[in-house]
Every structure is written in C-alpha cells, then in structure tokens.
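Presented below is the structure to which this report refers.
The values are calculated or read from the model by the stated rules, or taken from the named source; none is laboratory data. These numbers were taken from a predicted model, which means no experiment stands behind them. Virtual Cβ from ideal backbone geometry, glycine too; neighbours counted across all protein chains shown. Quick note on the areas: whole protein, heavy atoms, side chains included, nothing else; ligands and nucleic acids left out. Shrake-Rupley method; radii C 1.70, N 1.55, O 1.52, S 1.80 Å.
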Amino acid sequence: MPKETAAINPFETARRQVDIVCDLIGVEGGMRDILKNPKRELTVNFPVRMDDGSLKVYTGYRVQYNMARGPTKGGIRYHPNVSLDEVRALAAWMTWKCAVVNLPYGGAKGGIICDPKHMSKGENERLTRRYASEISMIIGPEIDIPAPDVYTDSQTMAWIMDTYSQQKGYSVPGVITGKPIALGGSEGRNEATGRGCAYTIREAAPHAGVRVKGGTVAVQGYGNAGSICAKILYDEQGAKIVAASDSKGGIYNPQGFNPHAVEEHKNKTGSVVGFPGAKPISNEELLELKVDVLVPAALENVITKKNADNIQAKIIGEAANGPTIPEADEVLYQKKIVVLPDILANAGGVTVSYFEWAQDIQGFFWSLKEVNDRLERVMVQSYEAVRKEAEARKINNRTAAYVVAINRVVNAIQLRGIYP
Ligand code: NAD
C-alpha cells in the first residue's frame, strides 16, 4: 500500500517552482491553478501471481499532468519509494521538459510501488502486463505515451506494447517509446540523452568563454547519460576528459584519458576505479575540480549551498535530473557559471522518444544520421530560446527554461480557449 512521502515533498517543490515563475511572468488566478494541478490521475491496485503461487496486490499510478500542447509523455518507474506525490511532481517536470524543447506533448509519469531487485523476470513480466492492462484505458498513441524510467527498460516497454496491442487486436507500436528497435524503436534513442547534453555544452561554450576542443571535462556518474556524453565530447568535439566517477569512486588524470577505454575498464571490473594511469578521487572532489565543463550525471542534490562556492567549472551540463538544489543556483549564477539545467540539458532522451513515436505513427523509419541531425536542431534551438530569455530578464538559465516552458503551456491554453 502507498507509503507516505518523506520530509521534502517533491510535488510541493514542483508547485513552488511554478509559483516562482508565475510571479515573474505575471500569471495569476485560475491559470496559475491549472499549472499547479495535474489534469488526470489514476491509481490502480492489482493482483500479481508470484512464483511461489501466492497472490500479491501492488499499487500503481499514472498521472497526466497537462495536455494543452498534445498527448502526454513520461516514463514509468518501479521503486519501493514511489508515491502519488512523487509521480505528480515527475509528471509536472515532464510537462515543462517537453515544452522547453518544444515537443508537441504534455507531461505524464507512472510508477508502481515494488522492489524489482527482489522479483524474478516472470514476476516482473506479470506485474508489467497487469499494470499495462489496468492503465490501458488512459494510454495510447493519441492520449499518453509512456517510456522507461528507474528500473524499467526496453523489455518492460515491449511487454506493455504487447499487452496494449492484444487488447486492440492489432500492433500499436506508438503506444510506448524506448522499445527494442525490432519492435519499432528508434535508432539513436539509447545515446540520445548524452548526445543532447553534449550539443548544449557545445552551444554554451562561447557564452562561457570556453573552447570545448582541448577543454577539460569531469563527469560524475559514468552510466548511460554520463559516459555517452563524455564519448561524444571526446570523439566529436575534441574535449579532454580528465575525471569520471561512479558509485564506487572516481578517477582523475589531468592529461586526459580515452573515455572508450574507461568504459571498457568499467565493463570488465564493474567500476571506473583503478583505471590505469589515473589517480583516485572522491565524488565530492570531482565536483570541485578546476575544469571547463562539469557533467553531473548520477544523483540528485549533489551541488548544494555547501559546495556551490567551491565549484570551479565554467559550464555545468546537467545530464542527471535535479543535481543542483535551488539555493545553489543563485550562487552559481553570481559566479557566472553557465548552468545548463536538467529540463534542457537532458531532454535529448525525450526528444528522440518523440522521434520514435513519430516514426511509429508514419510506419517509416529514419537513419541514425537523420535522427541525430534532427536532435541537434532541437537542442540548438532550445538552448538559444533559454539563453535569450535568461539574458533578456537577467535571470539564471534554470528559471529562464521554466519561463520558456510555462509561457508555451500558457499560450497553448489561451489559444485553445479552454482549460485543459
Ligand atoms: P545509469 O544507471 O546508467 O548511470 C548512473 C551512474 O551513476 C552509474 O555509473 C552509477 O554507478 C553512478 N552513481 C550512482 N551513485 C553514484 C554516486 N553516489 N556518485 C557517483 N556516481 C554514482 O543511469 P542513467 O540512465 O545514465 O541516468 C543518470 C541520470 O540521468 C539520472 O538522474 C537520470 O534521471 C538522468 N536521465 C537519464 C536519461 C536517460 O535517457 N538515460 C534521460 C533523462 C535523464
């Protein structure tokens, strides 16, 4: 059964962010209330047959936050700490993320309170199929298109696509994104978050007085987003990767290292730690290195009031969600550090999810080059929109990204003349 949320309620945080931006751009009354409330919420309690023959009832959610700009989009999370307020907050953030990169989508999110680490593959499949069936009345290519999130992957998406298609009587690949390529997934989806982040870093460099070619980069969290961003900065932009870390620790070599070799080392040994020629460094030290670019790509709340003043990077590309706490933002802004906020910097993933959906609906698939070229256009235009807003209003990039996003949603609501 649902667990109550802990000290900081993420939905309260999400609502506070809306208030701050509404104060800034003068949105009041009913319009502000629309932006602060989810449009539609579904809670489902459903039984799953476990391997030992017992029945267990799970609780799942799907929240569709705002659909003024189009069908809603957002991942599905499997975690013991999932709560309705967390899903509401994540759905709100998806709304702003889709709007800041100008996708024709609203935001949504889903989750199941469960512990997938202690479930067999069969249990996970039965859980997924039953949840998909329970929420099938509110998802679909024209309504709401889920995707992977914490502890869900392309296999989970394949099961959801199959369950939904069984109900319809025909294959509906566009109901979900992040699918295997064989089922209508997109080229380039796997690397899209890291690639999108690398594009925004490249665009921000001249405004931060940085040359990416030969410039130094530190990456916290050498997983999907972080390692791919490092490889693209190295391969395509000539950057020097000098530090990387994971949950076991970090490595540092001021001469730089080959990020592909670090990945091989991590695949072989389970960690970046012990990479030949690099010295050990803690995750905290990595954040404070004198580098041109810092890419936090692991956890939330790692740049705080305590360490913000010690950050020496000139650009922070937030591949992770929520790595910087709001109080630290102002410190970084005063230090003239160019922050590429998460809703912009890691939006490459949802952007290529949008491409996947568009390809599924057309039944016509694009080459990797076409996907990457289109992604590049989206990221460049979105960065420019945020930069211009920040400059015009003399505000930090995060607030500017929210201003761009919320203005677009408000505009859609006004044009429709209804309150979606
Ligand atoms: P991942 O699991 O592939 O990688 C996470 C990495 O962080 C791992 O290398 C892990 O060892 C490391 N890590 C964990 N704890 C750490 C710690 N205490 N200190 C340093 N490193 C630590 O996950 P991912 O998909 O790359 O996601 C990383 C972040 O990017 C998350 O915040 C996620 O929400 C965000 N993000 C990812 C995508 C995507 O498409 N993958 C899209 C948008 C946002």
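Only one of the listed residues (R69, R32) is of a type in the set (D, E, K, R) and touching a residue at least 24 places away in the same chain (Cβ under 8 Å). That residue is R69.
Filter the stretch 153-205 for residues that are of a type in the set (V, I, T) and under 30 Å from M137 (Cβ atoms); which is nearest to the chain's Cα centre (by Cα)? That would be T177.
Scanning the stretch 324-359 for residues that are open to solvent by 20 Å² or more (accessible area, probe 1.4 Å), more than 16 Å from the ligand (Cβ to nearest atom) and either under 14 Å from G75 (Cβ atoms) or charged (D, E, K, R) (or both) yields E327, E330, K335, K336. A147 fulfils the conditions (1) within 16 Å of the ligand (Cβ to nearest atom); (2) surrounded by 17 or more Cβ atoms within 10 Å (Cβ to Cβ); (3) assigned to a helix (DSSP H, G or I) except for a single criterion, (3). Scanning the stretch 163-208 for residues that are assigned to a loop (DSSP other than H, G, I, E, B) and either of a type in the set (A, V, I, L, M, F, W, C) or out of contact with any helix residue (DSSP H, G or I) (no Cβ under 9 Å at 6 or more places or on another chain) (or both) turns up G169, Y170, V172, I176.
Within the stretch 293-323, the residues that satisfy the criterion of being touching a residue at least 40 places away in the same chain (Cβ under 8 Å), away from the ligand (no atom under 12 Å from the Cβ) and buried (at least 24 other Cβ atoms within 10 Å of the Cβ) are V293, L294, A313, I315.
A single member of A218, A243, A261, A225 is open to solvent by less than 60 Å² (accessible area, probe 1.4 Å), more than 9 Å from the ligand (Cβ to nearest atom) and in a helix (DSSP H, G or I), and it is A261.
With the structure loaded, tell me whether R211 is within 26 Å of K335 (Cα to Cα), part of a loop (DSSP other than H, G, I, E, B) and either at pLDDT 95 or above or open to solvent by 60 Å² or more (accessible area, probe 1.4 Å) (or both) or whether it fails that test. Step through it out loud before you land on a result.
Details: within 26 Å of K335 (Cα to Cα): yes; part of a loop (DSSP other than H, G, I, E, B): yes; either at pLDDT 95 or above or open to solvent by 60 Å² or more (accessible area, probe 1.4 Å) (or both): yes.
Against the criterion (within 26 Å of K335 (Cα to Cα), part of a loop (DSSP other than H, G, I, E, B) and either at pLDDT 95 or above or open to solvent by 60 Å² or more (accessible area, probe 1.4 Å) (or both)), R211 qualifies.
Restricting to the stretch 150-180, what's the tally of residues that are hydrophobic (A, V, I, L, M, F, W, C) and either at pLDDT below 95 or open to solvent by 30 Å² or more (accessible area, probe 1.4 Å) (or both)? Reasoning before the result, please.
Let us first name the residues in the stretch 150-180 that are hydrophobic (A, V, I, L, M, F, W, C), namely 150, 157-161, 172, 175-176.
Keeping just the survivors that are either at pLDDT below 95 or open to solvent by 30 Å² or more (accessible area, probe 1.4 Å) (or both) gives 150.
Number satisfying all stated conditions: 1.
Of the residues making up the stretch 228-240, not one is of a type in the set (S, T, Y) and part of a loop (DSSP other than H, G, I, E, B).
What number of residues within the stretch 360-379 satisfy the criterion of being within 16 Å of the ligand (Cβ to nearest atom) and open to solvent by 80 Å² or more (accessible area, probe 1.4 Å)? Looking only at that region, the number is 0.
Consider the stretch 175-197 and keep the residues that are within 13 Å of the ligand (Cβ to nearest atom) and basic (K, R). The one that is farthest from E236 (Cα to Cα) is R189. Remark: pairs (first residue in the stretch 224-245, at pLDDT 95 or above; second residue more than 16 Å from the ligand (Cβ to nearest atom) and part of a loop (DSSP other than H, G, I, E, B); Cβ separation under 6 Å; 6+ apart in sequence or on different chains) = L233/A239; Q237/V212; G238/K213; A239/V212; A239/G215.
For beta carbons closer than 6 Å, sequence separation of 6+ or different chains, a first residue in the stretch 267-287 that is within 9 Å of the ligand (Cβ to nearest atom) and a second that is among the aromatic types (F, W, Y), the qualifying pairs are V272/Y222. In this structure, E134 qualifies as assigned to a helix (DSSP H, G or I), open to solvent by 10 Å² or more (accessible area, probe 1.4 Å) and closer than 21 Å to L90 by Cβ.
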